[in-house]
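The values are calculated or read from the model by the stated rules, or taken from the named source; none is laboratory data. What you see is a predicted model; the values in this text were computed from it and never measured. Cβ coordinates were reconstructed from backbone atoms using ideal geometry, including for glycine residues, and neighbour counts include every protein chain displayed. SASA here: full protein model, heavy atoms, side chains in, ligands and nucleic acids out. Shrake-Rupley method; radii C 1.70, N 1.55, O 1.52, S 1.80 Å.
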Amino acid sequence: MQKLPIIIAHRGASGYRPEHTLAAYELAIDIGADFIELDLVITKDGVLIARHENELSETTDVAFYPQFVNRQTTKLIDGKTKTGYFAEDFTLAEIKMLRAKERIPQLRPQNTIYDGRFQIPTFQEVIDLVKCKSSQTGRVIGIYPETKHPTYFRSIGLPLEDILIETLQINGYEGSDAPVFIQSFEVSNLKYLSAKTNFPLVQLLNINGQPYDLALKGDPRSYLDLIKAEGLREISNYARAVGIHKNLLIPIDSNGQLLSPTSLIQDAGQFHLLVHVWTFRNEDLFLPSNLRGCPQKEYELFFNLGIDGVFSDHPDTALAARS
Ligand code: G3P
Ligand code: CA
């Protein structure tokens, strides 16, 4: 019998609380999500923290602290020039002075009442929350960390991978059955991780572009190349799952209307790869044009294709569709 798809709370219940805060993760767990997804970057003093990118001003109040004005700088991150305030230039003590804010206030104005209330959590604090809620509820609540900018962080002497594995191990996570998936948009750091750990790994695959580490090596393969048979075969040597952009499975036309599904589920299945799909959100802006106002239907379509998991900003909608 086909197993039910797992519901992965994307950055917590980020449709309802500022993303990557303990409040967002806790709400996701209370709603009933199976896994908590968190993106990881690192501080100057080598502590993993939950943020989607190392530049902090889009999701925190960092720009409003006079003492941090001179931290604003311009860097080349993954081949793109970015100006702002970067996690790796702050100690954890300094990061803890900041407060989170809603990333997309124009779309989620109801979440702005939480702006300024919540700290930036460390990876350890997220694990502590997950363990505490697991013990309170008796449920297995998984964690689904993503290494952000792994080549960049390694290049500045702050590699993420070993700290990530050590943190998981110290907290009692062990082996291939641990309720953990470690994800990356890059290839090399997943291969590095696969040599060091049995934790399930997830190769993230986007609709366009190529893994930054491959680009640096002069490897011309794009994400679209990696979903071909040879790419999937290679991925299956180091990963348990592919984490795919939803339009790789159901493309849309220029009007945003859904087209026929591709064979990616079957292709991945040939290599025993699970398929987790991102990112599902309730707002019309993120829905196919023929499903606006009906976010549950989008999940149903994908569930009916046999996917193994969804990343969702609104895990309550995902759970309703699954039920
Ligand atoms: O990690 C998969 C999903 O989260 C999509 O990527 O950009 O939201 O981290 P992103
Ligand atoms: Ca992510």
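How large is the accessible surface per residue of region 6-322, computed with a 1.4 Å probe and reported in Å² as a whole number?
41
Residues of region 3-42 with amide nitrogen under 20 Å from the 7 Å Cα-to-Cβ point of Glu58?
Residues passing the 20 Å test: 9-22, 24-25, 37-42.
I need the fraction of alpha carbon pairs in region 110-185 separated by more than 21 Å, rounded to a whole percent.
Of all Cα-Cα distances in region 110-185, 41 percent exceed 21 Å.
If each of Ser155 and Leu259 carries a label point 7 Å out from its Cα toward its Cβ, how far apart are those two points in nm?
3.4
Tell me what the chain gives for mean residue ellipticity at 222 nm when only DSSP H runs of n ≥ 4 count, each as -39,500 (n - 2.57), the sum divided by the residue total, rounded to 500 deg cm²/dmol.
Result for the chain: -8500 deg cm²/dmol, rounded to the nearest 500.
Considering just Cα atoms, how many Å³ per residue does the convex hull of region 242-291 enclose?
Expressed per residue, the convex hull around the Cα atoms of region 242-291 is 68 Å³.
Using a basic spin-label model with each label point 7 Å from the Cα along Cα→Cβ, how many nm lie between Gln169 and Asn304?
Between Gln169 and Asn304, the simple spin-label model gives 4.7 nm.
Which pairs in the list Lys44/Lys246; Lys96/Lys217; Lys133/Lys297; Lys101/Lys133; Lys133/Lys196 are over 27 Å apart, alpha-carbon to alpha-carbon?
Over 27 Å Cα-Cα: Lys44/Lys246; Lys96/Lys217; Lys133/Lys297; Lys133/Lys196.
Over the chain, calculate the relative contact order: mean separation of alpha carbon pairs under 8 Å at least 6 apart, over the residue count, as a percent.
19 percent.
With the calculation restricted to Cα positions, what are the radius of gyration and Dmax of region 55-115 in angstrom?
Just the Cα atoms of region 55-115 yield Rg and Dmax of 12.7, 35 Å.
Taking N as the number of residues in the chain, what is its Cα Rg relative to 2.2 N^0.38 Å?
0.96
Taking all protein chains as present, what is the carbon and sulfur share of the accessible area of the chain, in % to the nearest whole number, probe 1.4 Å?
Using a 1.4 Å probe with all protein chains present, the chain comes out at 52 percent carbon and sulfur.
Under DSSP H, which helices of the chain have Cα atoms covering 30 Å or more of the helix axis and a Kyte-Doolittle average no less than 0.5?
Helices passing the filter in the chain: none found.
Run the simple label-point estimate for Arg139 and Arg233 please: 7 Å along Cα→C-beta, distance reported in nm.
The modelled label-to-label distance comes out at 4.1 nm.
For region 6-322, what is the charge dipole size about the Cα centre, in debye to the nearest 20, if Lys and Arg each add +1 at the Cβ and Asp and Glu each add -1 at the Cβ?
Charge dipole, region 6-322, about its Cα centre: 220 debye, nearest 20.
Gain in length, Leu4 to His245, computed as 0.36 nm per residue apart minus the alpha-carbon separation, to one decimal in nm?
84.8 nm
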